[in-house]
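This report concerns only the one structure given below.
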Amino acid sequence: MSYVAHDESAFAPPAEVEEVELYHPKTWVGKYVWSQDAKIIAVQYAMTAIGIGLVALVLSWLMRLQLGYPNSFSFINPSNYLQFVTMHGMIMVIYLLTALFLGGFGNYLIPLMVGARDMVFPYVNMVSYWVYLFAVLLLVASFFVTGGPTGAGWTLYPPQAIAQGTPGASWGIILMLVSLAFFIIGFTMGGLNYVVTVLQARTRGMTMMRLPLTVWGIFMATVLALLAFPALFVSAIMMILDLTLGTSFFMPAVVSMGKLGEHTGGNPLLFQHLFWFFGHPEVYIVALPAFGIVSDLLSVHARKNIFGYRMMVWAIVAIGALSFIVWAHHMYVSGMNPYFGFFFATTTLIIAVPTAIKVYNWVLTLWRGNIHLTVPMLFAIGFIFTFINGGLTGLFLGNATVSVPLSDTMFVVAHFHMVMAIAPIMVVFGAIYHWYPKITGRMLNDTLGKFHFWISFVGSYGIYYPMHYLGMMGVPRRYYAIGGTDFIPASAHFVNEWITIAALIVGAVQLVFLYNLIWSYFKGKPSGSNPWNATTLEWQTPDTPPKHGNFGPALPVVYRWAYDYSVPGAVDDFIPQNVPPREVAGRNSSKT
């Protein structure tokens, strides 16, 4: 019986670039500490990001304890609370999610998925991790300096950020800004590696339109970061100069205690524009890798090719381009010409179009698929629900007239966390459950995984659905305590207690996940080389876990796209990318 494949070719062009000789370490330290192997570097990134992420999780618990049970804990005062808010936000967005998606998954998956031995610049890749680690240590050091870490809010708006009276207005903010600068330097080293590897190190037959969507998502997110992070870098340097040398880039003339300050002529709005010119692409620096990964998880675990592959690729590109012209929808309450508000509200709605295309295509991929409700699939489906919910509330906030009254309320916190926290974290967990067998050679415990999913998923909705209600009631965000405010109903206090309890439970269940990671590493069931029967190249390596160099003596040759699942007429329900057409035809003829 003949079969019909989508993008199959018996010819693979000759290699255009010669293989680069790899550095093979001779000591344990060279292999696992100063490693130049992208897979080891990926694990280093992931462990560091998860470690600092756990710090941010504890900070969120402390915030929720104060909001749920005001003034019940003597060790939480107004200054501490603002510091917890600031550090939690910055750690989660930059040091956890960005580092995990690009430094963790990017390093591990890009060389394997494109059929490369390693990153193009292995030594630079190694240095990028150690610069990132240094940035994390600088951030942690701010907890131990006089005055503690900055409490200016995670957006670090001046003049508040460096004005006396703000918690951590001296060493705290300096360490935060210097840490961000080093983070960006380290990322730039890694980011150039990711882009060049995708463009120059693909194996024979791996065209750009045969790349898995995971690679497309990470690739486009890296391009965004390389263009957007410089805005944050220069704003961090300029604010350091305002604080230390008395320049006035952002600091206007300020009268404090009846005395005129040393700054004159600075523009705080300039910082806001620079920050959000970075800040909104940052949303997609996190979201695009998540989009790509969830596309691959859905396809593998539904045993069906991704619907509209080229449309999905161009949607990723379109989202990346449009993300640079929507930043001021974060600034409606800062004061702007109504025509500018109209422009940014319009571009915000336009960027929803390619995003909606991706959602439709995910649903159509699942339609009539042979859906296996594995743990990775549960997290992928959980992502779709959560992202749709968060996206719908984004339509409210993208409209200038609706956003103004909601801007400083808990509604924004709920929306932001649904889109930028819970949704990508769902993908992070799904990806770890999916690729953990390749990384370790062992399966994670399925029962613990499903327990982890259901408590996390249902618990997250128990946190953020009620928070939308608080926002609609006008409950302000970033307040240490609400007190007896007349316009806030008594139900708001009960809802805050409920949210706190749910947050403590969801946070605690992450310990089950960590236990599963550690226990399965030593005692998990052996996974074999391809437990999910996936088509992409990382599952076709001769060794599991892959050794340095990934593919043994010869690199694979690619003959087809990454989504040959349930091909009509084919005997097997998946055809790996490196299987030539004649071999597929031979399998079919031998079984008929």
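A few points about this structure:
- Taking every protein chain into account, the accessible area of region 509-574 amounts to 44 square angstrom per residue (probe 1.4 Å).
- Dividing the summed helix terms, -39500 (n - 2.57) for each DSSP H run of n ≥ 4, by the number of residues in the chain produces a 222 nm estimate of -20000 deg cm²/dmol to the nearest 500.
- Rolling a 1.4 Å probe over the protein heavy atoms leaves TRP327 with an accessible area of roughly 50 Å².
- If only the Cβ of Lys and Arg carry +1 and only the Cβ of Asp and Glu carry -1, the dipole of the chain around its Cα centre is close to 860 debye.
- Taken over region 374-463, the convex hull of the Cα atoms encloses 82 Å³ per residue.
- For region 132-190, the square roots a ≥ b ≥ c of the C-alpha gyration tensor eigenvalues yield an a/c of 1.5 or more together with a/b not exceeding b/c, which makes the shape oblate.
- Span from the region 414-440 Cα centroid across to the region 166-225 one, whole angstrom: 18 Å
- Computed FRET value (nearest 0.05) for VAL58 with TYR360, which takes r as the C-beta separation and R₀ as 41 Å: 0.60
- Within the accessible area of the chain (1.4 Å probe), percent carbon and sulfur: 69 percent
- Taking the Cα atoms of region 114-273, the ratio Rg/Rh between the radius of gyration and the Kirkwood radius comes to 1.12.
- Value of relative contact order over the chain, rounded to a whole percent, pairs C-alpha under 8 Å and six or more apart: 18 percent
- Gain on full stretching of the segment that runs from VAL20 to ALA554 - 0.36 nm per residue minus C-alpha separation: 191.0 nm
- Just so you know, the Cα atoms of region 170-232 work out to an Rg and Dmax of 15.5, 55 Å.
- Cβ-based charge dipole, the chain, positive-most Cα from SER35, ALA321, ALA5: ALA5
- Between the listed residues LEU175, TYR464, TYR309, the Cα displaced farthest toward the positive end of the dipole of the chain, a dipole computed from Cβ unit charges relative to the Cα centre, is found at TYR309.
- Across region 43-185, Cα-Cα pairs more than 26 Å apart make up 31 percent of the total.
- Helices meeting the span-like rule in the chain (full DSSP H runs, Cα extent of at least 15 Å along the helix axis, mean Kyte-Doolittle score of 1.6 or higher): 122-141, 171-200, 213-244, 309-322, 375-398.
- Positive-end residue of TYR565, LEU96, VAL363, charge dipole of the chain with Cβ unit charges: TYR565
- Theoretical gain in end-to-end length, TRP454 to ARG310 [0.36 nm per residue, Cα-Cα removed]: 48.5 nm
- With the alpha-carbon atoms of region 317-389 aligned to their principal axes, the span from lowest to highest coordinate is 52, 20, 16 Å, starting with the largest.
- Matching label, mean projected area of the Cα convex hull in nm² computed from the structure shown, candidates (i) 58.0; (ii) 27.2; (iii) 28.4: (iii)
- Cα shape, region 1-93, gyration tensor, a/c 1.5 rule: oblate
- Scanning residues 5 or more positions from ARG478 or on other chains, none has an amide H under 5 Å from its amide H, with H placed 1.01 Å from N in the peptide plane.
The values are calculated or read from the model by the stated rules, or taken from the named source; none is laboratory data. All values derive from a computational prediction rather than experimental measurement. Using ideal geometry, Cβ is built from the backbone for each residue, glycine included, and neighbour counts are taken over all protein chains shown. Ligands, DNA and RNA are excluded from the accessible area calculation, which covers all protein heavy atoms including side chains. Shrake-Rupley method; radii C 1.70, N 1.55, O 1.52, S 1.80 Å.
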